[in-house]
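Below you'll find the structure, written out as structure tokens, and then a few comments.
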Amino acid sequence: MNDVLAALESVLQERKANGDPDNSYVAQLHHKGLNKILEKVGEEATETILAAKDAERSGNVDFLIAETADLWFHSMVMLSHLGCNSDAVLSELARRFDLSGLEEKASRDK
């Protein structure tokens with residue numbers, strides 16, 4: 001799975017550095033700036049929530065998977081724009097792995 005993330009990050013970095021906004025959606029997002037990227041993350045988050053509600057009613061998760069992929073993609077564009085990558089997120093998830101969710105949340109509330 002990390003191979004997919006690594007390959008996607010490589011493409012994102014290439015498009016950020018050398019992409020033509022007229023020919024690349026990722027380059028276009030970077031060119032428009034962080035606010036546009038955040039707008040897309042918010043839009044995809046909302047669409048993911050709606051797809052989850054639909055999946056609960058219908059039992060079909062296909063649209064939920066597609067919307068989650070869009071959310072992850074745009075989140076990765078956001079990370080890329082800010083000089084971060086999925087390794088940092090995966091490391092943070094690994095750090096939390098042996099903590100209960102309640103313990104981890106309590107540690108952030110301090």
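How long is the gain from VAL4 to LYS36 if the chain were fully straight, where each residue apart is worth 0.36 nm and the alpha carbon distance is subtracted?
This chain segment gains 9.0 nm when fully extended.
State to the nearest 20 debye the size of the charge dipole of region 60-109 about its Cα centre, where the only charges are +1 on K and R beta carbons and -1 on D and E beta carbons.
Roughly 160 debye, rounded to the nearest 20.
Suppose accessible area is computed on protein heavy atoms with a 1.4 Å probe; arrange HIS74, HIS81 from highest to lowest.
Accessible-area ranking of HIS74, HIS81, largest first: HIS81, HIS74.
Rounded to the nearest Å, what's the spacing between the alpha carbon centres of region 1-24 and region 26-78? Just the number, please.
For region 1-24 versus region 26-78, the Cα centre distance is 17 Å.
Leaving ligands, DNA and RNA out of it, work out the accessible area of PHE63 with a 1.4 Å probe and give it in Å² to the nearest 10.
The value for PHE63 is about 120 Å².
Round to the nearest 10 and report in Å² the accessible area of ASP62, as given by a 1.4 Å probe over the protein chains' heavy atoms.
110
Whenever you get a sec, compute what percent of the accessible area on the chain sits on carbon and sulfur atoms (1.4 Å probe).
Answer for the chain: carbon and sulfur cover 58 percent of the accessible area.
Would you mind calculating the relative contact order of the chain from Cα pairs under 8 angstrom and at least 6 residues apart, reporting the percent as a whole number?
Contact order relative to length: 23 percent.
Along Cα→Cβ, 7 Å out, is where each label goes; now give me the distance between the ones at ALA52 and ILE65 in nm to one decimal.
Distance between the two pseudo-spin positions: 1.8 nm.
For the chain, what does the convex hull of the Cα positions come to per residue, in cubic angstrom?
So the per-residue hull volume is 146 Å³.
Within the chain, what is the number of lysine pairs with alpha carbons under 21 Å apart, leaving out pairs fewer than eight places apart on the same chain?
Close lysine pairs found across the chain: 5.
For the full complex of protein chains and a 1.4 angstrom probe, list LEU29, LEU79 by accessible area with the highest value first.
Listed by decreasing accessible area, they come as LEU79, LEU29.
To the nearest 20 Debye, how big is the dipole of region 22-110 about its Cα centre, given +1 on the beta carbon of each Lys and Arg and -1 on that of each Asp and Glu?
300
I want to check the label-to-label distance for ASP87 and LEU99. Put each point 7 Å from Cα in the C-beta direction and report it in nm to one decimal.
That separation, rounded to one decimal, is 2.2 nm.
As I understand it, the dipole of the chain uses +1 on the Cβ of Lys and Arg and -1 on the Cβ of Asp and Glu, about the Cα centre. Which of SER58, LEU79, SER10 lies farthest toward its positive end?
Positive-most Cα among the choices belongs to LEU79.
The values are calculated or read from the model by the stated rules, or taken from the named source; none is laboratory data. Small disclaimer: the values here were computed from a predicted structure and weren't measured. Every residue, glycine as well, gets a Cβ built from its backbone with ideal geometry; the counts of neighbours run over all protein chains shown. Heads up: the accessible areas ignore ligands, DNA and RNA and are worked out on the full protein's heavy atoms, side chains in. Shrake-Rupley method; radii C 1.70, N 1.55, O 1.52, S 1.80 Å.
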